[in-house]
Amino acid sequence: MFQTGVYRNAGTPLSMDGNGKVGQDGTRRSSKLLSLPLRYALSPGVAVMLVLSIISGITIALMETARHTGELTMWTFAKPHYDIYVPAVDEWNNEDKSEVDMFLIGRQVMDRRMLGGFLGEVPTADLLEAERSSASLTFAGPLDAVGFVDLTESLEEEGLLVKINKPSLSPWTYEGRIFGIPHDVHPVMLAYRADIIEEAGIDMQAVETWDDLYRVLGPLQQRRSKGHPMDRYVMSLWDSESDMLETLLLQSGGGAFLPDGTLAIDRDINVQTVSHMVSWMIGPDRVATHVPEFSPTGDQLKLDGHALCYLMPDWMCNVWRHNVPSLEGKVKLIPMPAWKPGGTRTSVWGGSMLGIAKTSSKQDEAWEFAKHLYLSEELALDLYRSGDIITPIREHWDNPVFAEPDAYFGGQRKGLMYIELADDVPNRPATPYFKQAREAVQNAVSRTKQEAASLDLYTPEQIEPIARRNLELAHIQVKTIVDANAFLREDSEEVSP
Amino acid sequence: MNGKRPSISVPWVLVHLLLIAVSIVVIVPLLYLVISAFKTEQGFLEHTFLPLGEGALGIDWSQLTTKQLGRLFSSEIGIGRALVNSIFLSATTAMLATFICALAGYASAALDFKGKRAFEWLVLAALIIPPPLLIAPSYQWLHTLGLLDSYTGLILPAVAPAFGVFLFRQATLQSVPKSILEAARIDGLGEFGIFLVIALPMLRPMVGAFLIITFLAMWNNFIGPQIVLQSAEKQPLSVVIYQTQTAYYSDYGLLMAGTLVSILPVAALFLFLQRDFIAGLSSGAVKG
């Protein structure tokens with residue numbers, strides 16, 4: 001194949017000695033020749049890599065590697081979940097049942113693998129624990145194209161629907177069918193710096209609405225000196241925090257989608273809520289500031305008391321406990337102030353579910369394991385003890401663990417407080433477009449904030465026309481994406497999957 | 001130089017001031033990383049660099065700890081195994097990829113064979129394909145071959161990158177004179193021998209550079225191991241360090257300590273191989 005013309009033209013094949021000279025006897029001095037490549041090719045880099053490869057290879061071979069021989073596989077995306085599940089999985093595997101192998105996988109990778117498994121022919125796990133943004137990706141087509149097994153009948157027949165907190169099922173309910181067991185409830189309360197507020201003699205129990213909150217805590221805002229920005233604000237809320245914006249919109253009865261999944265970004269309730277939120281963030285007397293979550297900067301601002309109040313879903317309690325431990329005893333909780341007297345005092349932030357892949361060849365065993373894992377009281381208590389997460393299984397709510405005083409939150413019976421709000425958690429429709437909608441709403445809020453500030457318009461009434469225009473634009477933008485989905489169009493009957 | 005002191009002039013001072021400023025920009029984040037790896041959670045949040053206090057040199061030494069490093073190597077995180085995995089994956093891939101790319105690059109530059117043009121076009125075409133596009137088909141292939149959740153499944157797709165083949169082709173064209181190859185052929189050396197004895201030593205600078213490039217690429221590979229590997233004990237450092245950050249909170253001290261552990265071997269390797277990285281061997285090779 002190789003045309004080494006010069007060699008062929010040379011006629012007689014000759015041998016070569018160690019110096020590259022050719023011997024006349026026609027034989028190759030193979031031993032010397034073999035040593036040549038090594039001598040020339042073994043540069044320090046190659047030698048180092050070779051040594052590293054051999055030593056590490058031997059080390060790996062000697063190290064004990066767990067054998068994965070399970071008949072069922074489960075993927076989860078969160079290490080705290082994984083750690084909590086290990087005992088339950090071990091317990092299951094010790095019984096005479098289909099053995100389960102559990103794997104911890106990054107969320108983005110799980111999204112890719114899950115969709116690959118559902119839409120293509122690549123392998124996927126039997127059970128998948130998916131966060132809302134991941135699971136909803138699968139709800140983009142007709143019912144029979146959803147990659148998760150429809151659990152509605154199983155849940156009904158086994159009487160589990162009444163055991164599970166109803167609103168917690170909504171993000172996994174598509175076209176009236178339920179595709180996952182909820183992992184959590186994630187009700188939201190308002191955390192406040194009790195050390196500062198109570199020292200000022202303010203009783204937070206008297207706060208019922210957002211207007212009450214700003215009226216009562218407004219005097220505690222501090223400015224170092226005239227011309228400087230405030231050192232202390234009432235509320236941690238900013239237009240860049242899309243989760244917070246969504247939480248408040250849902251609490252007000254709004255949100256980007258109607259309960260049936262119809263896009264409704266530009267509805268009146270959203271316009272009013274956005275106008276109020278923007279009014280909190282701008283103007284000489286603004287009451288909101290930016291304290292980013294999950295960042296050292298934000299943690300330092302929390303320690304400094306830069307904001308007095310924070311939106312606090314149950315899982316966020318655990319974040320604070322780990323990231324700002326020195327605030328122990330200085331923070332307390334109340335239900336979120338309502339938008340109007342008598343209004344809803346909570347909202348929802350985040351959520352995960354456990355679903356069974358349709359591609360699983362052992363769906364019955366997977367269902368049995370899913371129940372063993374998610375319905376277990378032990379797991380519910382572990383979730384709360386190690387993650388501050390309230391289980392959606394109502395029969396476990398009577399456990400005394402939830403009534404224990406929590407030292408971090410000033411000895412409040414935090415578990416019970418969250419449980420009392422669980423029924424009022426807003427419904428969220430299962431839609432693959434909620435991320436796009438959330439982003440569009442956030443952009444609309446940012447634009448509204450910028451425009452209103454540049455025009456010196458600071459009251460909700462003044463801001464409302466700007467908010468309406470921007471939300472209408474956001475609605476059109478997301479609708480364009482939604483309408484591109486042939487399955488969700490009105491003429492979808494004509495389209496075969 | 002000959003022992004002469006450099007004459008200090010205004011441009012000399014300006015250049016050195018600029019270099020010092022650039023060095024500070026490079027060193028400060030590294031210093032921050034090293035110090036943060038030894039700080040307590042509270043110390044991390046309260047002090048940018050060393051925790052100031054009433055101890056010796058005005059530093060609160062009680063806020064410095066090796067606890068994070070201890071946790072990393074405990075069974076809780078198990079970074080030791082991840083370190084070995086990363087070294088194995090990176091070193092093995094670097095060696096194989098360098099050897100195969102050098103072979104292919106040499107063949108492309110120095111030999112005439114049927115389909116050579118097609119081969120070169122294929123390499124060029126492969127260069128313009130964004131790697132994320134290959135994730136799904138690669139995953140399917142690895143599944144078909146039964147290589148999922150194996151080191152081989154991660155190493156195999158990385159041993160013949162088009163970039164490397166093209167790099168060695170260009171290096172061969174530039175550094176290996178055809179007259180030397182012809183001389184070796186006249187002397188009767190086989191093609192593989194010519195590659196090993198003549199070409200490869202002359203490509204040593206590229207070999208050194210490519211070894212480090214591929215070692216680093218595999219060392220920093222984050223998505224690949226998560227796609228191909230499933231077992232926790234097979235994951236490399238990049239993934240294990242990421243997994244110390246949970247869905248709910250971040251332990252910054254642990255993250256910094258993990259990052260420190262992950263960059264130390266690579267930094268040491270680079271320092272050790274930097275001469276190899278920059279050495280030139282081809283000069284004077286055709287002296288007659």
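The values are calculated or read from the model by the stated rules, or taken from the named source; none is laboratory data. Not measured: the values here are computed from a predicted model. Note that we place each Cβ from the backbone using ideal geometry, even for glycine, and neighbour counts take in every protein chain shown.
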Quick count over the stretch B:225-239, residues being part of a helix (DSSP H, G or I) and either crowded, with 23+ Cβ neighbours inside 10 Å or at the interface with chain A (Cβ under 9 Å from one of its Cβ atoms) (or both), is 9
Go through the residues of the stretch B:114-129 one by one and say whether even a single one is under 19 Å from B:L89 (Cβ atoms) and outside any loop (DSSP other than H, G, I, E, B).
no
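Taking the stretch A:418-431, which residues are aliphatic (A, V, I, L, M) and touching a helix residue (DSSP H, G or I) at 6+ places or on another chain (Cβ under 9 Å)? Steps first, answer last, please.
Of all residues in the stretch A:418-431, those aliphatic (A, V, I, L, M) come to A:419, A:421-422, A:425, A:430.
Listed by number, the residues that qualify are A:I419, A:A422, A:V425, A:A430.
Yes/no matrix, rows are residues, columns are (1) within 21 Å of A:S43 (Cβ to Cβ); (2) under 17 Å from the mean Cα position of the chain (by Cα); (3) surrounded by fewer than 22 Cβ atoms within 10 Å (Cβ to Cβ):
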site: B:L134; (1), (2), (3): no, no, yes
site: B:L148; (1), (2), (3): no, no, yes
site: B:T152; (1), (2), (3): no, no, yes
site: B:A183; (1), (2), (3): no, no, yes
site: B:G190; (1), (2), (3): no, no, yes
site: B:V207; (1), (2), (3): yes, yes, no
site: B:I213; (1), (2), (3): yes, yes, yes
Residue set A:D150, A:D144, A:D184, A:D195; condition of a type in the set (D, E, K, R), outside any strand (DSSP E or B) and surrounded by 21 or more Cβ atoms within 10 Å (Cβ to Cβ); output residue A:D184
So the check is Cβ under 9 Å with 6+ separation or different chains; which pairs have a first residue in the stretch B:192-219 that's within 9 Å of chain A (Cβ to nearest Cβ) and at positive phi and a second one that's buried (at least 24 other Cβ atoms within 10 Å of the Cβ) and not hydrophobic (A, V, I, L, M, F, W, C)?
none
A:Y408 passes all but one of (1) more than 25 Å from A:S252 (Cα to Cα); (2) under 23 Å from the mean Cα position of the chain (by Cα); (3) among the hydroxyl-bearing types (S, T, Y); which number fails?
(2)
Scan of the stretch B:41-57 for residues that are loosely packed, with under 15 Cβ neighbours inside 10 Å and aromatic (F, W, Y), ordered by number
B:F49
Could you list, in sequence order, all residues of the stretch A:185-220 that are touching a Leu at 6+ places or on another chain (Cβ under 9 Å) and free of Cβ contacts under 8 Å to residues at least 60 places away in the same chain?
A:A200, A:I202
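Mind counting the residues in the stretch B:180-191 that are in a helix (DSSP H, G or I) and at the interface with chain A (Cβ under 8 Å from one of its Cβ atoms)? Working first, answer last.
To start, the set of residues in the stretch B:180-191 that are in a helix (DSSP H, G or I) comprises B:180-186, B:191.
Next cut, at the interface with chain A (Cβ under 8 Å from one of its Cβ atoms) only: B:182, B:184-186, B:191.
So the count comes out to 5.
Quick grid of which residues meet (1) farther than 20 Å from A:I282 by Cα; (2) at pLDDT below 90:
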residue: A:L237; (1), (2): no, no
residue: A:L249; (1), (2): no, no
residue: A:G255; (1), (2): yes, no
residue: A:D260; (1), (2): yes, yes
